[in-house]
Amino acid sequence: MKTKVIYPGTFDPLTNGHLDLIARASKLMDELVVAILRNSEKGEPLFTVPERAEMIHEATREFGNVSVATFDGLLVDFARSQKASAVLRGIRAISDYEYEFQMAMMNRKLDPELETLFMMPAEKYTYVSSRLIKGVFRLGGDVTALVPPLVVERLKDKTLATPHK
Ligand SMILES: Nc1ncnc2c1ncn2[C@@H]1O[C@H](COP(=O)(O)OP(=O)(O)OP(=O)(O)O)[C@@H](O)[C@H]1O
Ligand SMILES: [Mg+2]
């Protein structure tokens, strides 16, 4: 049977940590769907959903089995509609564990058939998060080693377009 896996998140924006996980997972799975959660509870995003999708699409072009989708509502419903057998999540540090454990258990409660897979990024990306990237970039910090080159470009475009955001 072919393994189709969903990698859900907000990806606002995609980082090298996300990309590291995508690269590792794409080798193991037949199909990987990077799924952007449309209505996240994180507050006002920096990039629109189409902007985020486009960046992921561009950055994952080299992998033949990675696609991009968007979803709303319950992850288990989306996974079922996609006929996916598992969900991929990343664990950076102990601090990720508690939340991820709860979500995995809740998702299992909602759909016992859906597995959650955890992967760890390369050590050099263990502290990278979208939130931190946005914060550092806003203050003029160099993030070029931590996000794909096209994300750096889009971050610059955003700052030029909305200097006070
Ligand atoms: N650097 C990273 N290494 C491994 N996994 C990561 C990394 N960054 C995010 N992930 C994982 O990717 C998934 C989607 O995460 P999410 O979209 O919240 O990204 P994030 O970088 O944590 O963004 P934010 O700072 O907005 O929460 C989660 O499972 C998260 O743990
Ligand atoms: Mg996060």
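May I ask you to list the residues in the stretch 79-136 that are surrounded by 15 or more Cβ atoms within 10 Å (Cβ to Cβ), within 13 Å of ligand 2 (Cβ to nearest atom) and of a type in the set (G, A, S)? Matches in the stretch 79-136: G90, S129, S130. Across the stretch 53-63, not a single residue is classified as at pLDDT below 95, under 21 Å from L155 (Cβ atoms) and within 16 Å of ligand 1 (Cβ to nearest atom). The set of residues in the stretch 1-34 being more than 14 Å from ligand 2 (Cβ to nearest atom) and either under 24 Å from D142 (Cα atoms) or part of a strand (DSSP E or B) (or both) consists of K4, V5, I6, N16, L19, D20, I22, A23, E31, L32, V33, V34.
If you check E58, E44, E31 for being over 13 Å from the mean Cα position of the chain (by Cα) and touching a residue at least 60 places away in the same chain (Cβ under 8 Å), only one passes: E58.
Summed over the stretch 14-38, the residues that are of a type outside the set (A, V, I, L, M, F, W, C), out of contact with any Leu (no Cβ under 7 Å at 6 or more places or on another chain) and within 13 Å of ligand 1 (Cβ to nearest atom) give a count of 5. P50 falls short on exactly one of the conditions (1) within 22 Å of T126 (Cα to Cα); (2) exposed (fewer than 13 other Cβ atoms within 10 Å of the Cβ), and that condition is (1).
The values are calculated or read from the model by the stated rules, or taken from the named source; none is laboratory data. The shown structure was predicted, so the numbers you read here are calculated from the model rather than taken from an experiment. Heads up, the Cβs are rebuilt from the backbone with ideal geometry, glycines too, and the neighbour counts pull from every protein chain shown.
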